[in-house]
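First the structure, in the form of structure tokens, and then the observations on it.
The values are calculated or read from the model by the stated rules, or taken from the named source; none is laboratory data. Since the structure is predicted, the reported quantities are computational estimates derived from the model, not experimental observations. Heads up, the Cβs are rebuilt from the backbone with ideal geometry, glycines too, and the neighbour counts pull from every protein chain shown.
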Amino acid sequence: MSIQLKQTVSRKILTEATGYLDVGFTHSLNPYSGCGFSCLYCYVREMPIQKFKGHPWGEWVDIKTNAAENYRNEIKKLRKKNNPVNIFMSSATDPYQPIERKANITRGLLEEMIENPPDFLQIQTRGPLIERDIELIVKLKEKCKVLVSMTIETDREDVKRIFAPYAPGIKSRLKVLKEIHDAGIPTQASISPQFPKVLDRIVDHIWIDTLSIGDGANGRRSERLGMSKLFEEHGLSQWYQQDLHVKVEKYFKMHFPGEMVRVSKQEAFLE
């Protein structure tokens, strides 16, 4: 799959948190627009940024070349107002998608954050490339609270290939997540839309998400993306229920301490 790359100069890099992020986060931060992982269930496919783009989701990425400069200027203004800065990176892209290996936009942001730290940073990714930046994240952890959250759709590679054929393999994600945890960095597994059984001793938190509660529109975007049909075609309809999060939460609390497990739309792990 070829990807159209474009370098852009963005007006802002921090966006005030709303919707499902309004659980303690103050801002979202997206180093890129578009995403090369092209997951079929991604709710961004149904957002205006994609609707009016003119290219299929997964086949374009805009590189925000001035992201670090914007961050520096914006956080200094926020600090002058004594405003808290709790950042979710990223809500509409993946900060460690393939182009990051060359573009280094996320890495540049981390370097800038070490100089001008937020109060809290959650890095949300499915990219094992984050392993490259473990040393930077350890340094940032000395300045502010940090949480690395890895999306783990399932413990089955065959299921992963149905929903996210271009995303990295589950085993490689788990391997890197363990390395991050062993480096003393707080870790989280974001469980969506399936759930794994192989998280013992590699995560501090488990965040349960589903396509019904996590697409920003109570499941309507997922329906428009044809997810119910896709689940049905592969004999997985039992994993596309409105109350799936209730059952998954119950399952995980049987195997992990209750305080480790939370459901999307609850208060985030900011403490």
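Annotation note: of ASN86, ASN66, ASN30, the sole residue that is over 27 Å from LEU177 (Cα atoms), at pLDDT 90 or above and not basic (Lys, Arg) is ASN66.
With respect to GLY54, is the statement that it is at pLDDT below 95 and within 20 Å of ILE105 (Cβ to Cβ) true? No; evaluated as a whole, the condition is false for this residue. Do you know which of the residues in the stretch 156-168 that are hydrophobic (A, V, I, L, M, F, W, C) and outside any loop (DSSP other than H, G, I, E, B) is surrounded by the most Cβ atoms within 10 Å (Cβ to Cβ)? Here the answer is PHE163. Pick from the stretch 46-64 the residues that are in contact with a Phe, Trp or Tyr (Cβ under 8 Å, 6 or more places away or on another chain) and either closer than 27 Å to ILE162 by Cβ or among the small types (Gly, Ala, Ser) (or both): which of them is surrounded by the fewest Cβ atoms within 10 Å (Cβ to Cβ)? The extreme case among them is LYS53.
Residues of the stretch 151-181 that are touching a Gly at 6+ places or on another chain (Cβ under 9 Å) and within 29 Å of MET113 (Cβ to Cβ): TYR166, ALA167, PRO168, ARG173, VAL176.
So that you can scan it fast, the table gives a plain yes or no per residue for (1) in a loop (DSSP other than H, G, I, E, B); (2) closer than 21 Å to GLU259 by Cα; (3) in contact with a Phe, Trp or Tyr (Cβ under 6 Å, 6 or more places away or on another chain); (4) not hydrophobic (A, V, I, L, M, F, W, C):
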site	(1), (2), (3), (4)
VAL138	no, no, no, no
VAL148	no, yes, no, no
THR154	yes, no, no, yes
SER172	no, no, no, yes
ALA189	no, yes, no, no
ASP200	yes, yes, no, yes
SER212	yes, no, no, yes
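For TYR96, the stated conditions do not hold, so it cannot be described as under 20 Å from the mean Cα position of the chain (by Cα), in a helix (DSSP H, G or I) and within 25 Å of TYR20 (Cβ to Cβ).
When LYS141, LYS171, LYS145 are checked against the criterion of being modelled with pLDDT under 95, surrounded by fewer than 21 Cβ atoms within 10 Å (Cβ to Cβ) and more than 22 Å from SER222 (Cβ to Cβ), a single residue qualifies: LYS171. All conditions but one from (1) out of contact with any helix residue (DSSP H, G or I) (no Cβ under 6 Å at 6 or more places or on another chain); (2) crowded, with 21+ Cβ neighbours inside 10 Å apply to TYR43; the one that does not is (1).
Once the stretch 8-30 is narrowed to residues that are of a type outside the set (S, T, N, Q) and assigned to a strand (DSSP E or B), the residue that is surrounded by the fewest Cβ atoms within 10 Å (Cβ to Cβ) is GLU16. Criterion applied to ILE49, ILE63 was being over 16 Å from MET113 (Cβ atoms), in a helix (DSSP H, G or I), touching a strand residue (DSSP E or B) at 6+ places or on another chain (Cβ under 7 Å) and aliphatic (A, V, I, L, M), and the one residue passing it is ILE49. Which one is nearest to GLU135 (Cα to Cα), of the residues in the stretch 97-108 that are charged (D, E, K, R) and out of contact with any strand residue (DSSP E or B) (no Cβ under 9 Å at 6 or more places or on another chain)? Ranking the qualifying residues of the stretch 97-108, first place goes to ARG107. Applying the criterion of being buried (at least 22 other Cβ atoms within 10 Å of the Cβ) and either on the phi > 0 side of the Ramachandran plot or in a helix (DSSP H, G or I) (or both) to the residues of the stretch 113-132, the residue that is nearest to the chain's Cα centre (by Cα) is ILE130. Of the residues examined, THR106 is one that is in a helix (DSSP H, G or I), of a type in the set (Val, Ile, Thr) and crowded, with 16+ Cβ neighbours inside 10 Å.
Identify the residue in the stretch 214-228 that is small (Gly, Ala, Ser) and part of a loop (DSSP other than H, G, I, E, B) and, among all such residues, is modelled with the lowest pLDDT.
GLY214
Scanning the stretch 65-96 for residues that are crowded, with 19+ Cβ neighbours inside 10 Å, farther than 21 Å from PRO128 by Cα and not hydrophobic (A, V, I, L, M, F, W, C) yields ASN70, TYR71, ASN86.
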